[in-house]
Amino acid sequence: MTPAQLKQQRQEMARLYATPPGWGRLAAVNHSVIGLRFIVLSLVFFIIGGLLSMLIRAQLAIPGNQFLDHAAYNQIFTMHGTVMMFLFAIPLIEGLALYFIPKFLGARDLCFPRLSAFGFWCYLFGGSILLVAMFAGVAPDSGWFMYTPLSSGQYSPGINSDVWLIGITFVEVSAIAFAIELVATVLKVRSGGMSLNRMPLWGWYILITALMMVVGFPPLILGSVLLEIERAFSWPFFDAALGGDPLLWQHLFWLFGHPEVYIIFLPAAAAVSMMIPTFARRPIVGYHWIVAAIIATGFISFGLWVHHMFTVGIPHLALLFFSAASMFVAIPTAIQFFAWLATLWQGKPVPSLPMLYLFGFLFIFVCGGLTGVMLALVPFNWQAHDTYFVVAHLHYVLIGGFVFPLLAAAHYWLPLMSGKAASESMGKWAFWLIFIGFNATFLHMHLTGLVGMPRRIYTYPEGLGWEWLNLASSIGGFILTIGFAAFFLDLIVRLRAGGDSPRNPWAAGTLEWSLDHPPAPYNFTALPELTSREPLWDQDDVDDQIRKGEGYLPDTRRGWQETLGVHPVTGKPDQILILPGPSYLPLITAALLGVFFVGFLFGLYWLSALGAIAALGAALRWAWCNGLTRDFDDQDAGRGLSLPLAPQVHDAPGWWGMVVGLVVNGTFYITLLFGYLYLWAVAPAWPPEQFVESGRLAAVLAGLASLACSGGFHLAVRSNAAGHSPLPGLGLALLTGLVASLALAWQIAHDVASPTSHAYAAVTSFLLGYLAVHAFLSAVMAGFAALRWRHGYVSARRSLDLRVPRLWAAYTAAVTLVGLGLVQGLPSLLGSGG
Amino acid sequence: MALLVILTASACQGPVSALDPAGQGAADIAWITWVMIAGTLFFMALMTGLWLHAVYRRSDRPLKLSNTTVLVGGGLVLPLVVITLLLVYGIRSGHSMLPIGAPDLEIRVTAYQWFWEFEYSDDQGRSLTLVDELHLPLGQRIDFHIDTADVIHSFWIPALGGKMDAIPGRTNTLRLVPTRAGQFGGQCAEFCGARHAHMHFAVTVHEPEDFQRWLDTAFEDAP
Amino acid sequence: MRPGPLSIARLLRICAGLLIWSSGFVMLYAGYSLGCQQIDVPVEAGLRNPVTAGLVIIAALHVAALIALLLRRYRYPMTAMADENERSRKLHHWLEGFVLWISLAGLLFIAFPVLLVPPCAG
Ligand code: HEM
Ligand SMILES: [Cu+2]
Ligand SMILES: [Cu+2]
């Protein structure tokens, strides 16, 4: 192509990928735009959380301080923890991954751009609920882990706890959306030739992080839903007097809560693993080892949660399993550290500003990790638990393991993201202020805890030896804040007035540095064929491929936004993805979901119901936009390759999305069964007065109908593939789906005692309700698929619209059979209960 | 340096300090705490030193240490050895603090928002309830049976040993063995609402004879 | 060709060791909790009691499974998929083995306390 042609090509692409101006910005779906919005909003929350921590430190500076009363203090520390964990840390890693993953992996966007836009709106609305409540003086005040019964209706009658449960669940919707998006993207949407072994480590880290979110968030969501139902309708899931158990909440919360710590740490470690090779001037040492370490962390971190519950009275040997696992998880972390060190030893390290921040990371995080091992020791934990030792430890881990790497990352990637050159001096000042301020706040705080200061107290008396420790922490806290202010000031000055950055200023080897600084909305003019993990170091031709249109999908000739889909393992291109353009639907759907949540918050359940129905309608309308209305032949993908379009292949991203979504759903379900069995086995006040009554007929009917529904979809897929009409199969599925949901609803109404009477009745009703909703949604999907078929979206070659709901129906049948088996079988099997 | 040591040492003193132990469990834990703090400092110095050497070393040449050695040595062997030793010690020490074998004295503890009730009773059917005030005999094995009337609290006397939560619907047992007479402080360690910060109680450890004398008079005076 | 399920199988195979580790962890914890709840084991019984025996059996079965997978791995190296480059196959083969070893160590590490304390005390 001639330079003139190229220029025109790029202009057309820019037009095609542009986000509309003005109000149209609300319709934005481009991953760079959405990613930056996540990042900016999370930083706003960081500032809010930081200001709250200053209030905490001001109050605790001297004994007997009158600055804040307990009502204000309890809201402030709860909001500080909640904001920092749920509204700052998680969204920030989400934003970074949304922004960077396509740039690292060689794609033009994520596979479901509208889903990430939807996630952003959920985050914004959910976070706003919490902020509004805070300014109205009714912020949550039971601590960021919201232990029942303190957070239950009896002891927190106000709206405060509802704000937490509803706001956070709303934000978690965005986390789930993110997780589904990222798993599907990392597996499917990369550039040609990027096999798993050539994927930059960041890709592995995010893949595992997203999978951990898939498994980690459902317990929290389940817990929040149950607690909110308990508060709203008095179903006693956690009420010991009525067969519930407050410890169930702790299990559900920490089953999420511990992996959460690694969900925050792994992406930060990912950034470290990207920066170190650049500054060591060589590829990472022990790539294999790091990948294994990430995978191991992903698993083992789910075996640690009881270390937050060492003092609740669980027998000693049970604690030891968790103690051992908590110590064992140090090994994958140590592997990563020594891989980084080895990389530096093998290379020729260049000291630089990001490296300085990485030194801060090393120093602080190692300390936090070691105090973590200390806390994993059961007897020590009996003393240190719930004291300021833990506060110190968690800040060493979070600020050291998360904030410092990201401060380094900010300096490292800013030239790419903004096109502005890096500066040194102010950043160094900020570093030393933050580093010294941090240690001056938290180092001796370990001691504060060991000399007996419990956490979460709004005031303390004189004479216990805590005075100067606290005063020093408060002074350190203000130095730390000044440091952060200096850091942000530096960034703002550079964004406003910095000089232009040269391309790839650090001479890095990974793909993102081949982009324009800042990158165009479509990232790559053409997608390169990769043969190396550090293409900019090893492959002379990548720049030509990307910039001169010699790579894949080099033009806009079909008028679509396109990117490559590849085989998940080998990286061989196997399809062309057509990306959707800007749309208001994500915003509308999220807003309607907001109506549902806000209605619940104020007890306006009719409004909630309307919101839920409208949101479902909007989601269906949204789903309607996907797909093609006619069959296409394979299309030219550049570099001599012809590829099918995504809606016409077997494992399109949509299929993967449904698989991952069902894993989320299945985890939710398994956690629910865990809760069900847990209450049977250990809750006080069992057995209930009455178990499920007879009801065999309805149960058998529901089971058979759900099987038939799944069979109906199967039939539809089969006949469609053979070129016949899928309508008979879909009709069967529609009908049996409705029958199943009605039979289940009938059971709830007739066979189960009133759910307010006992936790058994409550959890059984909830389980049956879950199944009923699933059966009902199967029916809706059948009707929807039939409509899609009528409008020409389905053909023998375009069968995704049938195969995706088939997965759902099969899942529904499976969970229905398991659930009904438990509900019907357990009472007769265990009789009087545990 | 000496000043720092003195300063830290004096900072560890106090009526509610876990590092100024007056009980068997607390003494054990204080000892392992110091060991672990020393270990933490050692490993921090090690890792910091390695990093500084790796980044700021003079020579440009790669280190003559094979990568596998570094990864196996630092990533696997070193942590595995340390955590194995630690875990074995922890198991033994934790086990020794459990309420195994008959106690010499049993006290019922009930937590309320926001105070503590301690109930003593003897085999003659006499009983006595104190609020926010606890008297204990020196050198005896004392079992506390802890429960709550409302939300979760946590019973903690740092100078004597670890803490134990008070959970609705259950009764947890904590064993403490005081080894030094004197005045100590206890407090609620699990956040329990508005006045959590004020949920302290006073602990007095008496010589056994003094304790018996105190108990007898207290039973007499009890309504 | 159905690349989807095939790649899932490959990814699961890389994680096989840790899946077994997880199963071991869950079964040890669950078996222990239920065991101590259903059976009355006095502390004086020491380690000679049905709960400890059950836990040892659970741990042994999982260790055996891991060893079997390790043997299989060394006997039959992972085969390449269509279009897969050799380094990719090697990486996955290596990962499978390393993860199995880590899991074996991890399983022994969480299980050995069973042999140090009587189960249902405290
Ligand atoms: C900016 C400097 C920060 C300071 C000075 C600070 C200070 C504090 C203090 C004093 C507490 C204890 C409150 C209490 O127990 O009464 C606390 C709790 C907490 N902080 Fe921070 N913090 C800072 C940053 C962060 C960051 C960056 C995170 C997370 C990414 C974080 C997460 C938490 C959490 C989760 C809690 C526990 C809240 C609870 O007990 O419910 N903090 N912080
Ligand atoms: Cu944890
Ligand atoms: Cu309390």
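Since every read-out is calculated from the coordinates, none of them should be taken as a lab result. On a predicted model such as this, the values are computed, not experimentally measured, just so you know. With ideal geometry, Cβ positions are generated from the backbone for all residues, glycine too; neighbour counts draw on all protein chains shown.
Go through the stretch A:26-94 and name the chymotrypsin sites (Phe, Trp or Tyr not before Pro) that are in a DSSP coil and have 14 or fewer other Cβ atoms within 10 Å of their Cβ. Please report the intermediate quantities before stating the final value.
On the way: sites: A:F38, A:F45, A:F46, A:F67, A:Y73, A:F77, A:F86, A:F88; in loops: A:F67.
Within the stretch A:26-94, the qualifying chymotrypsin sites (Phe, Trp or Tyr not before Pro) (loop, at most 14 other Cβ atoms within 10 Å) are A:F67.
What trypsin sites (Lys or Arg not before Pro) in the stretch B:109-164 are in a loop by DSSP, with at most 15 other Cβ atoms within 10 Å of the Cβ?
B:R126
Starting from the Kirkwood Rh over alpha-carbon pairs, what translational D in µm² s⁻¹ does the stretch A:686-830 have by Stokes-Einstein at 10 °C and 1.306 mPa s?
Approximately 101 µm²/s, per Stokes-Einstein.
Across peptide C:99-106, what mean number of C-beta atoms from other chains lies inside 10 Å of a residue's C-beta?
Values: counts 5, 0, 2, 11, 3, 0, 4, 10.
Per-residue shielding by partner chains comes out at 4.
In deg cm²/dmol, rounded to 500, what helix-only [θ] at 222 nm does the protein assembly as shown give when every DSSP H run of at least 4 residues adds -39500 (n - 2.57) and the total is split over its residues?
-20500 deg cm²/dmol
What average count of beta carbons from other chains do you get within 10 Å of the Cβ of residues in B:172-180? Mind showing how you got there, number by number?
Numbers: counts 4, 2, 3, 1, 0, 0, 0, 0, 0.
For this peptide, the per-residue mean of nearby foreign Cβ atoms is 1.
Quote the Stokes-Einstein diffusion coefficient, in whole µm² s⁻¹, for the stretch B:29-188, based on the Kirkwood radius over alpha carbon pairs, a temperature of 37 °C and a viscosity of 0.692 mPa s.
On the way: Rh = 19.7 Å.
Translational D for this selection: 166 µm²/s.
Can you tell me the order of A:299-309, A:744-754 when each peptide is scored by its average per-residue count of other Cβ atoms within 10 angstrom, highest first?
In descending order of packing, they fall as A:299-309, A:744-754.
Excluding residues on the same chain fewer than 8 positions from A:K188, give the aspartates and glutamates whose Cα lies under 13 Å from its Cα.
Once the sequence-local aspartates and glutamates are set aside, what remains near A:K188 is A:D109, A:D574, A:D651.
Could you give the dipole magnitude of the stretch A:698-826 about its Cα centre, charging the beta-carbon of Lys and Arg +1 and that of Asp and Glu -1, in debye to the nearest 20?
600 debye
Measure out, as a whole number of angstrom, how far apart the alpha-carbon centroids of the stretch A:323-366 and the stretch A:135-193 sit.
31 Å
Quote the charge dipole size of the protein assembly as shown about the Cα centre in Debye, to the nearest 20; the model charges only the Cβ of Lys and Arg (+1) and of Asp and Glu (-1).
Result for the protein assembly as shown is approximately 4640 debye, rounded to the nearest 20.
Given the options A:M194, A:V773, A:I399, identify the residue whose Cα lies farthest towards the positive end of the charge dipole of the protein assembly as shown (+1 on Cβ of Lys, Arg; -1 on Cβ of Asp, Glu).
A:M194
Excluding B:C192 itself, calculate the net charge of residues whose Cβ lies under 15 Å from the Cβ of B:C192, where each Lys or Arg counts +1 and each Asp or Glu counts -1.
-4
Out of B:G14, B:F184, B:S93, whose Cα points farthest toward the positive end of the dipole of chain B (charges: +1 Lys, Arg; -1 Asp, Glu; placed on Cβ)?
The residue sitting most towards the positive pole is B:S93.
Along the charge dipole of the protein assembly as shown, Cβ charges K/R +1 and D/E -1, which of A:L469, A:A133, C:I39 sits furthest on the positive end?
Of the candidates, A:A133 comes out farthest on the positive side.
Can you give me the distance in nm between label points at A:M426 and C:A64, each placed 7 Å from the Cα along the Cα-to-Cβ direction?
Here the answer is 6.7 nm between the modelled labels.
Please work out whether the stretch B:4-85 counts as rounded, prolate or oblate from its C-alpha gyration tensor, where a ≥ b ≥ c are the square roots of the eigenvalues and a/c under 1.5 means rounded, while otherwise a/b larger than b/c means prolate and anything else oblate?
Since a/c reaches 1.5 but b/c is at least a/b, the shape of the stretch B:4-85 is classed as oblate.
If you bin the C-alpha pair distances of the stretch C:9-116 every 10 Å from 0, what whole percents do you get?
14, 38, 24, 15, 7, 2, 0
Local charge sum around A:A61 (other residues, Cβ-Cβ under 14 Å, Lys/Arg +1, Asp/Glu -1)?
After counting each charged neighbour, the total is -1.
With r defined as the distance between the Cβ atoms of A:Q8 and C:A82 and R0 fixed at 35 Å, what FRET efficiency is calculated, to the nearest 0.05?
0.35
Can you tell me which lysines have their Cα less than 28 Å from the Cα of A:K420? Leave out same-chain residues fewer than eight positions away.
Cα-Cα hits under 28 Å: A:K7, A:K103, A:K348, A:K428, A:K548.
What is the sum of charges around A:I588, taking Lys and Arg as +1, Asp and Glu as -1, for the other residues whose C-beta is under 12 Å from the C-beta of A:I588? Don't skip to the end; give the middle numbers.
Numbers: positive: A:R114, A:R621; negative: none.
Net charge around A:I588: +2.
Rounded to the nearest 0.05, what FRET efficiency do A:S532 and A:I492 give with R0 = 35 Å and r taken as the Cβ-Cβ distance? Could you check?
0.40
Could you tell me how far the Cα centroid of the stretch A:561-631 sits from the Cα centroid of the stretch B:99-114, in Å?
56 Å
Averaged across the residues of C:89-96, what count of C-beta atoms belonging to other chains lies within 10 Å of each residue's C-beta?
The shielding value for this peptide is 4.
Sorted by packing (mean other beta-carbon atoms within 10 Å per residue), highest first, where do A:519-530, A:581-592 land?
Ranking, from highest mean packing down: A:519-530, A:581-592.
For each cysteine in the protein assembly as shown, check whether another cysteine's C-beta sits under 4.7 Å from its C-beta; list those where none does.
A:C111, A:C122, A:C367, A:C625, A:C709, B:C12, B:C188, B:C192, C:C15
Kindly give the semi-axes, whole Å and largest first, of the ellipsoid equivalent to chain A, taking each as the square root of 5 times a Cα gyration tensor eigenvalue.
Sorted largest first and rounded, they come to 40, 40, 23 Å.
Could you list the GluC sites (Glu not before Pro) in the stretch A:413-469 that lie in coil according to DSSP, counting only those with at most 12 other Cβ atoms within 10 Å of their Cβ?
Taking the stretch A:413-469 and a limit of 12 other Cβ atoms within 10 Å, the loop GluC sites (Glu not before Pro) found are A:E424, A:E462.
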